[in-house]
Amino acid sequence: MKALLRKLLTFEADGPGGVDREHVLRVATAILLVEVSRADFAVEPAERERLRRLLADRFALGEGELEALLDEAESEADRLVSLQHVTRQLNEHCSQGDKVRVIEMMWEVVYADGVKDHYEEHLIRQVAELL
């Protein structure tokens, strides 16, 4: 369990000189989705359910994997001082298409409750600019 948490926190390399691109994408995406769900200071059940469904569908995660990813993403989001670390990981290890999909997923979480808050929009625009 400690190894899994350490890997999630540090975006651990996958073998000599390599990076597990899929792992980086999963963790960074989950962190950003958690952040956008919290941006308006109220995590609505519809947003939470949409976030879970997006991650499970996009990354073909089972319930246990999804829970572990969400637990770690929420923990990391609690400690975030800046989004630059997360967006830097995406910029270094993911394709432009992956980054566009992350932004699309963020918008899907925002609209899950039918209301777009200006804090949510601001966060997405900030992330999009960093990517």
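Within segment 80-91, residues that are within 19 Å of R21 (Cβ to Cβ) have Cβ atoms under 6 Å from residues that are among the hydrophobic types (A, V, I, L, M, F, W, C) and modelled with pLDDT under 90 in these pairs: Q89/F11; Q89/V24, counting only partners at least 6 apart in sequence or on another chain.
Taken over segment 92-116, the criterion of being in contact with an Asp or Glu (Cβ under 6 Å, 6 or more places away or on another chain) and open to solvent by less than 40 Å² (accessible area, probe 1.4 Å) is satisfied by V109, V110, A112.
Candidates in segment 19-34 are the residues that are open to solvent by 40 Å² or more (accessible area, probe 1.4 Å) and over 16 Å from E65 (Cβ atoms); of these, the one that is modelled with the lowest pLDDT is V19.
Within the set V102, V110, the sole residue that is closer than 17 Å to R26 by Cβ, aliphatic (A, V, I, L, M) and part of a helix (DSSP H, G or I) turns out to be V102. Answer yes or no as to whether A13 is open to solvent by 20 Å² or more (accessible area, probe 1.4 Å), out of contact with any His (no Cβ under 8 Å at 6 or more places or on another chain), on the phi < 0 side of the Ramachandran plot and at pLDDT 85 or above. No; evaluated as a whole, the condition is false for this residue. When segment 47-70 is filtered for residues that are part of a helix (DSSP H, G or I), open to solvent by 50 Å² or more (accessible area, probe 1.4 Å) and not charged (D, E, K, R), only G64 remains.
The values are calculated or read from the model by the stated rules, or taken from the named source; none is laboratory data. In this text, all values refer to a predicted model and were calculated from it rather than measured experimentally. Here the Cβ is made from the backbone with ideal geometry for all residues, glycine too, and neighbour counts use every protein chain on show. Side chains included, ligands, DNA and RNA excluded: accessible areas come from the protein's heavy atoms. Shrake-Rupley method; radii C 1.70, N 1.55, O 1.52, S 1.80 Å.
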